[in-house]
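Q: Pasting a structure here, questions to come.
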Amino acid sequence: MTQATDASRPRLLLIDDDRKLCRLIAAYLHPLGYDVTAVHTGPEGVERAAEKPPWQAVILDLMLPGMDGFEVLKQIRKTSDVPVLMLTARGDEADRIVGLEIGADDYLPKTFSTRELLARLRAVIRRSATRRGQPAADPPELLAGPLRMSLGARVVTLEDKPLDLTPVEFDLLACLMRARGRVKSREQLLEEIRDRNYEVFDRSIDVHISALRKKLGDDPKSPRFIRTVRTAGYLLIDPDRE
């Protein structure tokens with residue numbers, strides 16, 4: 001199973017024989033900006049892990065047909081230092097120790113929540129980029145018509161005029177700009193900014209979006225930038241598709 005790919009999005013390889021779980025993980029991560037390819041046997045996982053361009057991370061189940069997760073990890077580590085997040089239905093400490101010793105970057109029991117999966121996935125990708133001396137996967141700038149965002153400098157300009165945004169407004173706008181043209185639910189927006197040091201709750205997203213719209217000079221009834229999709233969430237209008 002492969003989601004539609006976009007060269008600008010991080011590519012994840014998911015190796016797990018639980019097809020239903022694979023579909024759930026892919027459906028959760030795709031709206032958050034990840035392209036997920038799932039395979040269901042150990043040998044196929046080893047083969048796909050060696051593909052180019054390299055994967056941003058591998059999510060690897062321990063119990064697999066054809067070759068167990070430990071052996072798959074050993075084979076991957078012969079040629080690649082791609083971040084590997086291991087999943088296991090077994091909670092044995094010995095399994096976790098063995099996996100970490102042979103090259104897993106982190107371990108997650110299969111009782112995980114989607115929030116924990118996302119947090120650990122981001123953490124292993126971030127640590128890997130730091131080790132390699134690489135910047136984060138985001139491009140240095142995000143663009144949407146006359147709206148320009150510099151992620152490194154945390155500066156937003158509209159028609160070359162700087163906008164005075166709060167930290168929450170900046171991060172919400174960044175989430176929407178990364179997903180330009182796609183709907184983001186309130187839950188997804190919360191998920192993406194949850195590791196920041198400020199309190200944001202489900203309904204308060206609406207308040208922050210309203211304030212952001214005012215600063216963008218946006219009319220909710222005839223939006224130029226942020227559109228409300230009833231019962232679904234918000235999207236940043238893609239000027240190339242309008």
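Q: Amide H neighbours of residue 238 under 5 Å, counting only residues 5+ apart in sequence or on other chains, H built in-plane at 1.01 Å?
A: For residue 238, the qualifying residues are 181.
Q: Per residue and in Å³, how big is the convex hull formed by the alpha-carbon atoms of the chain? List each step's numbers first, then the result.
A: Details: hull volume 33.7 nm³, N = 242.
Normalising the Cα hull of the chain by residue number yields 139 Å³.
Q: Hey, if we sort 222, 80, 210 by accessible area with the 1.4 Å probe, largest down, what's the order?
A: Of 222, 80, 210, the descending order of accessible area is 222, 210, 80.
Q: Taking all protein chains together and a probe of 1.4 Å, list 185, 128 from the most accessible to the least accessible.
A: On the way: 185 30, 128 5 Å².
Order by accessible area, largest first: 185, 128.
Q: So what J values fall out for the range 35-43 if you push phi through Karplus, 6.51 cos²θ - 1.76 cosθ + 1.60 with θ = phi - 60°, rounded to Hz, Gly and Pro as x?
A: After applying 6.51 cos²θ - 1.76 cosθ + 1.60, I find 9, 10, 10, 10, 10, 10, 9, x, x Hz.
Q: Run the 1.4 Å probe and let me know the accessible area of residue 235, rounded to the nearest 10 Å².
A: Estimated to the nearest 10 Å², residue 235 gives 20 Å².
Q: What is the chain's relative contact order, in percent, from Cα pairs under 8 angstrom and six or more apart in sequence?
A: The normalised contact order for the chain reaches 13 percent.
Q: With all protein chains present and a 1.4 Å probe, how do 37, 166 order by accessible area, largest first?
A: From most accessible down to least: 166, 37.
Q: Only bridges whose two residues both fall in the chain count here: according to DSSP, what percent of them are antiparallel, nearest 5? Don't skip to the end; give the middle numbers.
A: Details: 16 of 33 bridges.
Percentage antiparallel, nearest 5: 50.
Q: Quickly estimate the mean residue ellipticity at 222 nm for the chain, helices only: each DSSP H run with n ≥ 4 gives -39500 (n - 2.57), and the total goes over all residues, rounded to 500. Please report the intermediate quantities before stating the final value.
A: Values: 8 runs with 88 residues, N = 242.
The helix-only estimate for the chain comes to -11000 deg cm²/dmol at 222 nm.
Q: Highest mean first, how do 154-160, 69-75 rank when packing is the count of other Cβ atoms within 10 Å averaged over residues? Please list the in-between numbers first.
A: On the way: 154-160: 13.7, 69-75: 19.7.
Result, highest mean Cβ count within 10 Å first: 69-75, 154-160.
Q: Give me the dipole magnitude in Debye, nearest 20, for the chain about the Cα centre, with unit charges on the beta carbon: positive for Lys and Arg, negative for Asp and Glu. Kindly include the intermediate steps, with their values, before the conclusion.
A: Working: 39 positive and 38 negative charges, 121 e Å.
Magnitude of the dipole: close to 580 debye.
The values are calculated or read from the model by the stated rules, or taken from the named source; none is laboratory data. Everything numeric here is computed off the predicted structure, so don't read it as measured data. Here Cβ is always computed from backbone atoms with ideal geometry, including for glycine, and neighbour counts include all displayed protein chains. Surface accessibility is based on the protein's heavy atoms, side chains included, excluding ligands, DNA and RNA. Shrake-Rupley method; radii C 1.70, N 1.55, O 1.52, S 1.80 Å.
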